[in-house]
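Data first, discussion second: the structure below is written as structure tokens.
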Amino acid sequence: MTLKVGDKHEAVVVENIQRTHIVKYAGASGDFNPLHHDDGIAKNLAGYPSVFAHGMLSMGLTGRMLTDWLGAASLQKYGVRFTKQVWPGDTLTAKGEVTDVKQEGGKQLVTVRVVTVNQNGESVVEGEAVAAV
Amino acid sequence: MPDGYEFPVDRTQVMLFARAVGDINPAFCDPKDPATVANGGIVAPPTFVQCSAHWEPDYALDLTRPGRKQRAGGGGGLGRGLHAEQHYEYHHPFHPGDTLYATQKAGERWEKEGRRGGKLLFSESITEYRNQDDVLCVTARSVGVQTEKAVEQ
């Protein structure tokens, strides 16, 4: 695969996210913050409308777009900011765009701008990844 | 032996984690897949080291862990803490069968005024994951934020 600046890739990484997705991530990751599974605590103690997904679930789902596109073992760096919460019912589309390509050690070192948006087009995750492909 | 708490990389945990992030890439679960063979064995999804939390003594976000004392107030101090940023650098591959050792240190701390009033207190935590040969595999930098008010939508 040869990539050039401006190349794009996108994927729907979760459709209509359910509390069950969130609970599954809690179990796998070990992050049992009750804001992500206990509506009572999310609403009454913290003042949110409901539970919401772990930021790290959004980052993990977004990672799939990167590894499907660039290779499962290709990433050198991957970093994001969490820009908006993800609520049950949301659908997320992860988008990548190549912003820089360098040649290094017989490989392309590719920098990708990453944005994941919800069904309203609002970004939930924004960041950057570097991959050797 | 490297410093830090032990985090054995286990094939089942890699599979569970990959499923939890909606990923069925055979590179994360099928040892016979050509991609897996080319990668020198099963590799883990990019955010996998998060689940070292299961091995972290007194991990703050697992208050129901057996043997652990509950904090007062049910939700404890968890209600206002949010994850603001997460960054990884991947230095060296690791596979099931490897053992990682995680060391954590605090990074920068800073304050910002929220858009709707109320202070936002940011703090950085840096975790380094070294393998059994003391080779640095992953650096993880996490930025947390404590809010005075619930974040409005």
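FYI, it's all coordinate maths here, none of it is from the lab. Nothing here was measured: the structure is a model prediction, and the numbers come from that model. Glycine gets a Cβ as well: all are built from the backbone with ideal geometry, and neighbour counts include every protein chain shown.
Judged by the ratio a/c of the largest to the smallest principal axis of the C-alpha gyration tensor, the stretch A:8-132 counts as prolate, that ratio being 1.5 or greater while a/b is larger than b/c. Taking every alpha-carbon pair under 8 Å whose residues sit at least 6 apart, chain B reaches a relative contact order of 27 percent.
When the listed pairs A:Lys8/A:Lys84; A:Lys102/B:Lys105; A:Lys8/B:Lys105; A:Lys24/B:Lys69; A:Lys24/A:Lys107; A:Lys43/B:Lys105 are checked against a 30 Å cut-off, the alpha-carbon distance exceeds it for A:Lys102/B:Lys105; A:Lys8/B:Lys105; A:Lys24/A:Lys107; A:Lys43/B:Lys105.
Using θ = phi - 60° in the Karplus curve 6.51 cos²θ - 1.76 cosθ + 1.60, the 3J(HN,Hα) couplings for the stretch A:51-57 round to 5, 9, 6, 4, x, 5, 5 Hz; x is entered for Gly and Pro.
Coupling constants for the stretch B:96-112 follow from the phi torsions by the Karplus curve (6.51 cos²θ - 1.76 cosθ + 1.60, θ = phi - 60°), and in residue order they are x, x, 6, 10, 9, 10, 10, 10, 10, 9, 6, x, 6, 10, 8, 10, 9 Hz; glycine and proline get x.
Evaluated with a Cβ-only charge set (Lys, Arg +1; Asp, Glu -1), the protein assembly as shown carries a dipole of roughly 600 debye about its Cα centre, given to the nearest 20.
Taking all Cα pairs closer than 8 Å and separated by 6 or more residues, the relative contact order of chain A comes to 30 percent.
Along the axis of the charge dipole computed for the protein assembly as shown (Cβ charges of +1 for Lys and Arg, -1 for Asp and Glu, origin at the Cα centre), the listed residues A:Gln76, B:Pro93, B:Ala60 are led at the positive end by B:Ala60. Charged side chains reduced to their Cβ positions (Lys and Arg at +1, Asp and Glu at -1) give the stretch B:5-147 a dipole of some 800 debye around its Cα centre. Amide H contacts for A:Gln108 (H built 1.01 Å from N in the peptide plane; partners 5 or more residues away or on another chain; cut-off under 5 Å): A:Val133.
The long axis of helix B:11-20 is offset from the longest Cα principal axis of chain B by roughly 50 degrees.
A cut-off of 5 Å between modelled amide H atoms, ignoring neighbours fewer than 5 places along the same chain, links A:Val124 with A:Thr116, A:Val117, A:Asn118.
Taking the alpha-carbon centroid of each part, what is the distance from the stretch B:1-62 to the stretch A:84-133 in angstrom? Centre-to-centre (Cα) distance: 21 Å. The alpha-carbon atoms of the protein assembly as shown, seen along their principal axes, cover 54, 45, 35 angstrom, with the largest extent given first. The string of couplings for the stretch A:81-92 from the Karplus curve (6.51, -1.76, 1.60, θ = phi - 60°) is 9, 8, 9, 7, 6, 10, 9, x, x, 6, 10, 10 Hz, one whole number per residue in order, with x for Gly and Pro. When +1 charges are put on Lys and Arg Cβ atoms and -1 charges on Asp and Glu Cβ atoms, the dipole computed for chain A relative to its Cα centre reaches about 180 debye.
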